[in-house]
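Okay, so here's the structure we're looking at.
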Amino acid sequence: MTSAETDRRVQVLADARAVATEAANHLIARTEARIRPAICLTGGSGPKALYTLLGSPAWRSRVAWDRVHWFIGDERFVSADDPRNNMAMARSIFLDRCAPPENIHPVPTDAPDPDKAARLYERELQTFYGASHLDAAQPLFDLVLMGLGPDGHTASLFPGDKALDEAERWVVGVDHAHVEPLVPRVTLTLPALASSREMLFLVSGEAKRDILSKVMAGADLPGARARSNGVTTWLTDSAAAGRTA
């Protein structure tokens, strides 16, 4: 279904594997006609099935690895080899085996602090984009992957955090996470995430049913405020959708 007011599309699938498969199809479709596609990945447990799929023999031949550039929507401020590091997870599952190193763009968590890391990553994004200000006619990303936390957070944008109201910066440091792991974060802001042809939420499991219901009902939560300037798609399984299906 599609909401004309928000251009939000919701697709309910059988299970988490079906969500991963549909997400892979969306990702590949968004890269096929682009000269230098940009994909913004997400962390946490939600995208692991998708990442495993992309790196599998049956799927990896469908991705234009030499052309696609990979970024991350938020990062835990831990070392690049820490198992809690979001990009490290993506690299270990599929990127390091499939993508050229120069096409992988991690947050520099070896910076002195999260704010400095955020400013360095913003500069890298601007260099890739070719401008220091976002143009609605030229999306930064072809596809942004998003998850939904148990408190309604998405990326590392937490309920009530001042980062939600940031209108100028593309990336900011977050000193205090509201959920485990309780480490500082670096996150893209809502305007930067919105600069995309498609924002794709992946939500699976019965544990997400209540918070997904609140977001779909319009609660003032980060997951509800995040949307693309293009198309915003929610892929959920039947367990998460529950009566919202």
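The values are calculated or read from the model by the stated rules, or taken from the named source; none is laboratory data. Here the structure is a predicted model, which is why all the values come from computation and not from measurement. So basically every Cβ, Gly included, is an ideal-geometry build from the backbone, and we count neighbours across all protein chains shown. Each accessible area value is taken on the protein alone, full model and side chains, heavy atoms only, with ligands, DNA and RNA left out. Shrake-Rupley method; radii C 1.70, N 1.55, O 1.52, S 1.80 Å.
Values as computed for the structure displayed
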item	result
Answer residue from segment 192-212, given it is under 17 Å from the mean Cα position of the chain (by Cα), assigned to a helix (DSSP H, G or I) and of a type in the set (Gly, Ala, Ser) and is nearest to residue 131 (Cα to Cα) among those	192
Residue, nearest to residue 148 (Cα to Cα), within segment 70-88, restricted to residues that are surrounded by fewer than 20 Cβ atoms within 10 Å (Cβ to Cβ) and either within 17 Å of the chain's Cα centre (by Cα) or touching a residue at least 40 places away in the same chain (Cβ under 8 Å) (or both)	84
Matching entry among 215, 183 (being over 24 Å from residue 130 (Cα atoms), in a loop (DSSP other than H, G, I, E, B) and β-branched (Val, Ile, Thr))	183
Unmet criterion (only one of (1) assigned to a helix (DSSP H, G or I); (2) basic (Lys, Arg); (3) surrounded by fewer than 17 Cβ atoms within 10 Å (Cβ to Cβ)) for residue 67	(1)
Pairs where the first residue, in segment 118-129, is among the polar types (S, T, N, Q) and the second is surrounded by fewer than 18 Cβ atoms within 10 Å (Cβ to Cβ), C-beta under 8 Å, 6+ apart	126/132
Failed item, numbered, when residue 179 is tested on (1) among the aliphatic types (A, V, I, L, M); (2) within 30 Å of residue 67 (Cβ to Cβ); (3) at pLDDT below 95	(2)
Matching residues in segment 1-60 - criterion: being assigned to a helix (DSSP H, G or I), within 15 Å of the chain's Cα centre (by Cα) and of a type in the set (Ser, Thr, Tyr)	51
Pairs with Cβ under 8 Å, 6+ apart, first in segment 37-50 and under 12 Å from residue 201 (Cα atoms) and in contact (Cβ under 8 Å) with a residue 40 or more places away in the chain, second among the hydroxyl-bearing types (Ser, Thr, Tyr) and open to solvent by 10 Å² or more (accessible area, probe 1.4 Å)	46/204
The listed residue being under 18 Å from the mean Cα position of the chain (by Cα), outside any strand (DSSP E or B) and not hydrophobic (A, V, I, L, M, F, W, C), out of 149, 160	149
Check on residue 243, among the basic types (Lys, Arg), open to solvent by less than 60 Å² (accessible area, probe 1.4 Å) and at pLDDT below 95	no
Residue among 174, 231, 186, 215 that alone is open to solvent by 10 Å² or more (accessible area, probe 1.4 Å), within 18 Å of the chain's Cα centre (by Cα) and among the β-branched types (Val, Ile, Thr)	231
Residue in segment 125-133 that is among the aromatic types (Phe, Trp, Tyr) and closer than 20 Å to residue 11 by Cβ present	no
Residue ID - most open to solvent (accessible area, probe 1.4 Å), chosen from residues in segment 218-228 that are in a loop (DSSP other than H, G, I, E, B) and touching a helix residue (DSSP H, G or I) at 6+ places or on another chain (Cβ under 8 Å)	227
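The rows are residues; the columns are (1) out of contact with any His (no Cβ under 8 Å at 6 or more places or on another chain); (2) open to solvent by 60 Å² or more (accessible area, probe 1.4 Å).
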{"site": "94", "(1), (2)": "yes, no"}
{"site": "118", "(1), (2)": "yes, no"}
{"site": "127", "(1), (2)": "yes, yes"}
{"site": "137", "(1), (2)": "yes, yes"}
{"site": "143", "(1), (2)": "no, no"}
{"site": "154", "(1), (2)": "yes, no"}
{"site": "159", "(1), (2)": "no, no"}
{"site": "168", "(1), (2)": "yes, yes"}
{"site": "181", "(1), (2)": "yes, no"}
